[in-house]
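Structure record follows, encoded as structure tokens.
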Amino acid sequence: MRLARPVYESLPLLYVAIGASAVLIAYLDPVRTRSIFAFGIGLLAAVAALTVFLHRQDYRALSREYTGETIELPSKLDG
């Protein structure tokens with residue numbers, strides 16, 4: 001699935017916000033089961049944010065390094 005660039009760029013921020021709010025809920029909630037569930041969601045959201053952020057960073061680095069030019073190969077191997 002392809003997303004528009006502004007949406008894809010804002011995903012790590014959204015995931016961090018979800019993760020931080022879930023961890024805060026886990027900290028403030030006195031019920032153990034809900035607290036563990038909220039902490040798990042927060043941890044997964046934080047990992048997702050880091051994954052998307054690092055993927056975008058790697059893509060930007062590769063885009064700067066490789067301009068997309070094709071290699072001209074000889075059509076005959078006569079030597």
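Some notes on this structure:
- Test: residue in the range 56-73 that is at pLDDT 80 or above and surrounded by 12 or more Cβ atoms within 10 Å (Cβ to Cβ): yes
- Just so you know, in the range 21-38 the residues that are in a helix (DSSP H, G or I) and charged (D, E, K, R) include one that is farthest from Ala49 (Cα to Cα), and it is Arg32.
The values are calculated or read from the model by the stated rules, or taken from the named source; none is laboratory data. Treat the numbers as computed from the prediction; the structure is a model and nothing was measured. Backbone-built Cβ (ideal geometry, glycine too); neighbour counts: all protein chains shown.
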